[in-house]
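A short write-up of the structure that comes next.
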Amino acid sequence: MNMKRHSLILLTLGFLISTGCSQAPAPDNREADARALRDGEVAAFVKDWGSKDADRIAAHYTDDGSLMVPNAPMMTGKDAIAKGMKDALADPNWSLAMQSVQVEVSRGGDLGYTRGTYVLTATDPASKKVATENGRFVAIFRKQADGSWKAIQDISNAEAPATIK
């Protein structure tokens, strides 16, 4: 084989390999994914937290998901979350209003988070009076194999000490 022909074959192979291996970037679906997360899982998450049903709340977490709330130990796993929340939810004064103010999803579409505020009303254990706590939260969600979203980390903290009435 002559040198020109050999060089042409190598140049052609190099071109084919370089163009064949390059792929168009994945489409940016973050806005649609964030809307699906917000309108689906986050809306149900907020609703179920207000339901006072520990099992429905726990169902929004992965099997190894963690919940961190003020004045309580960290709860990891659906069973621990359901068990840890049952006593709090039994309080007749307990109510929770949450509002997500930001929902973002990673470019890869597998992780998302929501950030927001909450108002918790419950019986103060020390005074036995009704107390109201204003706070903020961040919850990180992972897309599951079936396309649903589950919380893997959820942390909230109070903006100030609760107001006792």
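Here Lys52 is the anchor, and the lysines within straight C-alpha reach of less than 17 Å, apart from those fewer than 8 places off in the same chain, are Lys78, Lys83, Lys86.
Projecting the Cα atoms of Val42, Asn134, Ile81 onto the charge dipole of segment 26-164, computed from C-beta unit charges around the Cα centre, puts Asn134 farthest toward the positive end.
Name all residues of segment 107-130 having a backbone nitrogen under 11 Å from the label point set 7 Å from the Cα of Val138 along its Cα→Cβ direction, giving them as ranges. Once the point is set 7 Å along Cα→Cβ of Val138, 113-116 turn out to lie under 11 Å by backbone N, inside segment 107-130. Extending 7 Å from Cα along the Cβ direction at Ser51 and again at Ser148 yields two label points whose distance is 1.1 nm.
Readers should treat all values here as calculations from the given coordinates under stated rules, not as data from a laboratory. Owing to the predicted nature of the structure, the values given are computational and were not obtained by experimental measurement. Cβ sites come from the backbone with ideal geometry, for glycine too, and all protein chains shown count toward neighbours.
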